[in-house]
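Report on the structure given below.
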Amino acid sequence: MNAAISEAFGETLADDAPDVSIAEALALLRRHYGLTGSARTLPGERDHNFHVHSEGEGEFVLKISHPAEEADFTDFQNKALDHILTVDPALPVPSVRKSLEGEAQFMVGIGGSAPRIVRLVTYLPGQLLSRSPTSSAQDRNLGIFLARLGRALRGFFHPAAGSDLLWDIRKVAKTRPMLAHIVDAGHRAMVERVIDAYEEHAAPVIPGLRAQIVHNDMNSYNVVMDASRPEMVNGILDFGDMIHSPLICDLAIGAVYRWPAEGHPLGPAARFVAGYQSVQPLEIEELGILFHLIRARLALIANIASWQAERFPAKRDYVLRLITEVWASLERLDGLSSADARRYFLDHSKSE
């Protein structure tokens with residue numbers, strides 16, 4: 001099972017990366033960036049990340065890639081950030097800090113490991129969306145922000161944009177082998193229904209939709225809000241899942257994390273979509289499959305998290321941090337028909 005999954009999805013998810021100590025991180029900063037200060041580890045799925053407080057130079061995130069990560073994929077991220085800041089300078093995204101040698105990234109062996117890619121980007125202050133109180137204004141502002149980000153990436157391309165990425169909604173059927181790692185039979189059957197519905201209703205429509213490079217991971221741990229005004233977006237992090245994909249897939253991912261509260265289970269998502277549409281109107285075909293894409297992303301999270309929790313016990317809490325919300329959302333959405341969901345989005349997605 002694990003061998004098949006490893007072959008299908010690559011070594012960066014199938015194998016854990018060797019640890020990097022804070023002392024090693026600080027040594028890299030001194031040697032390659034001329035920076036001194038303090039550092040603390042940040043959680044990550046593939047990379048080793050450190051929040052750096054430098055002396056007199058501000059705050060940064062030092063990113064040390066998985067040994068299996070390819071240099072063109074991290075170059076893709078660097079070039080995308082440069083492009084965004086050129087097109088929409090007011091959009092709060094990290095900027096790349098070059099090394100003393102003038103490099104946006106470089107390779108180095110750490111603690112006897114295979115050479116790994118090292119990068120440094122500016123740190124975006126604020127409070128993670130996952131820790132911020134929700135509101136209708138927040139739902140809408142997040143949608144507006146994602147649409148602006150999509151517009152800033154429009155016209156940008158990079159050879160690595162076609163990478164075969166596990167976190168691609170269009171690949172949800174490839175995660176069927178991971179169903180075996182979902183212990184609860186009811187949950188397992190629900191995820192299987194979602195994948196079946198995606199293959200029947202959304203997959204045939206996807207090839208005809210507009211597509212471009214998108215962020216592909218607006219989850220609640222990748223967005224920073226203003227701590228004093230939690231409805232205001234301070235920025236978006238982690239461009240490591242970028243891909244060339246239909247725009248509607250990017251929107252569906254963000255909508256997933258507007259967790260259903262009281263009332264209609266698609267209420268917060270519809271407000272998010274309304275904000276998005278105030279900047280980037282959707283086509284009728286896109287709205288028609290949005291419900292299936294939202295559920296497919298939830299299924300993807302359930303499958304991947306269940307598999308990773310078993311394969312990497314030390315990361316169990318991290319990979320399962322959203323699983324309660326995922327199951328609750330899948331169960332609430334399971335009671336909706338696709339026709340009712342489509343009608344709800346059409347009726348509400350342009351309203352305030």
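The values are calculated or read from the model by the stated rules, or taken from the named source; none is laboratory data. Quick caveat: nothing in here was measured; it's all calculated off a predicted structure. Cβ placement follows ideal geometry from the backbone for every residue including glycine, while neighbour counts extend to all protein chains displayed. These area figures cover heavy atoms from the full protein model, side chains too; ligands, DNA and RNA do not enter into them. Shrake-Rupley method; radii C 1.70, N 1.55, O 1.52, S 1.80 Å.
A protection proxy built from the mean count of other Cβ atoms within 10 Å ranks the segments 197-204, 45-52, most packed first, as 45-52, 197-204. When you count the other C-beta atoms within 10 angstrom of each residue and take the mean per peptide, 242-253, 293-304 line up highest first as 293-304, 242-253. One quarter of the convex hull surface built on the alpha carbon atoms of segment 191-245 amounts to 5.6 nm², the projected area averaged over directions. Over the chain, with a Gaussian network built from C-alpha contacts below 10 Å, which listed residue (Pro230, Pro177, Pro260) shows the highest mean-square fluctuation? The residue that fluctuates most here is Pro177. Here the chain exposes an accessible surface that is 51 percent carbon and sulfur, computed with a 1.4 Å probe and the other protein chains kept in place.
Cα centroid separation, segment 229-305 to segment 57-82: 25 Å. Taking a virtual spin label 7 Å from the Cα of Phe312 along the C-beta vector, which residues in segment 97-123 bring their backbone nitrogen under 16 Å of it? Correct set: 117. In this simple spin-label model, placing a label point 7 Å from the Cα along the Cα-to-Cβ direction at both Asp340 and Ser38 gives a separation of 5.3 nm.
Where [x] 37, 33, 15; [y] 33, 24, 19; [z] 38, 22, 17 are the candidate values, the label of the one calculated here for semi-axes √(5λ) of the Cα gyration tensor in Å is [y].
What number comes out for accessible area per residue over the chain if the probe is 1.4 Å? Units Å², please.
Numbers: 14510 Å² over 352 residues.
So the chain comes to 41 Å² accessible per residue, rounded to a whole number.
Expressed in whole Å with the largest first, what are the equivalent ellipsoid semi-axes of segment 281-322 derived from the C-alpha gyration tensor as the square root of 5 times each eigenvalue? Please list the in-between numbers first.
Working: eigenvalues 195, 15, 6 Å².
Sorted largest first and rounded, they come to 31, 9, 6 Å.
For the chain, a crude dipole built from +1 on the beta carbon of Lys and Arg and -1 on the beta carbon of Asp and Glu, taken about the Cα centre, is about 440 debye to the nearest 20.
Starting from the exponent 0.38 and prefactor 2.2 Å, build the expected Rg for segment 179-323 from its residue count and divide its actual Cα Rg by it. Provide the component values of the computation, followed by the final result.
Numbers: Rg = 16.0 Å, N = 145, 2.2 N^0.38 = 14.6 Å.
That ratio works out to 1.10.
Which helices, taking whole DSSP H runs in the chain, have alpha carbons extending 20 angstrom or more along the helix axis plus mean Kyte-Doolittle at least 0.5?
Values: long enough: 71-87 (24 Å, -0.03); 136-153 (26 Å, 0.13); 284-311 (41 Å, 0.61).
Once both thresholds are applied, what remains is 284-311.
Assigning unit charges at the beta carbon (Lys, Arg +1; Asp, Glu -1) and nothing else, what dipole magnitude in debye, to the nearest 20, does segment 275-352 show about its Cα centre? Each step should come with its number before you reach the end.
Details: 10 positive and 11 negative charges, 70 e Å.
For segment 275-352, the charge dipole is close to 340 debye.
Expected output is a single nm value to one decimal: the length gained when fully extending between Ile323 and Leu209, i.e. 0.36 nm times separation in residues minus the C-alpha distance. What is it? If you can, show how the numbers build up before the last one.
On the way: separation 114, 0.36 × 114 = 41.04 nm, distance 3.02 nm.
Full extension from Ile323 to Leu209 adds 38.0 nm.
Springs between alpha-carbon pairs under 10 angstrom, Gaussian network model over the chain: which of Phe291, Phe145, Phe312 fluctuates most? It is Phe312. For segment 150-304, a crude dipole built from +1 on the beta carbon of Lys and Arg and -1 on the beta carbon of Asp and Glu, taken about the Cα centre, is about 60 debye to the nearest 20.
Loop-located GluC sites (Glu not before Pro) across segment 243-329 with a Cβ neighbour count of 12 or fewer within 10 Å are Glu262, Glu283, with loop assigned by DSSP. Restriction of the trypsin sites (Lys or Arg not before Pro) in segment 173-226 to DSSP coil positions whose beta-carbon has at most 16 other beta-carbons within 10 angstrom yields Arg210. Projecting label points 7 angstrom from Cα along Cα→Cβ for Ser130 and Ser21 puts them 2.7 nm apart. In the calculated pair distance distribution of segment 249-338, what percentage of Cα-Cα distances lie above 22 Å? Tail of P(r) above 22 Å: 32 percent of Cα pairs. So, counting K/R as plus one and D/E as minus one, what does the shell of residues with Cβ under 12 Å around Pro94 add up to? Net local charge, Pro94 excluded: 0.
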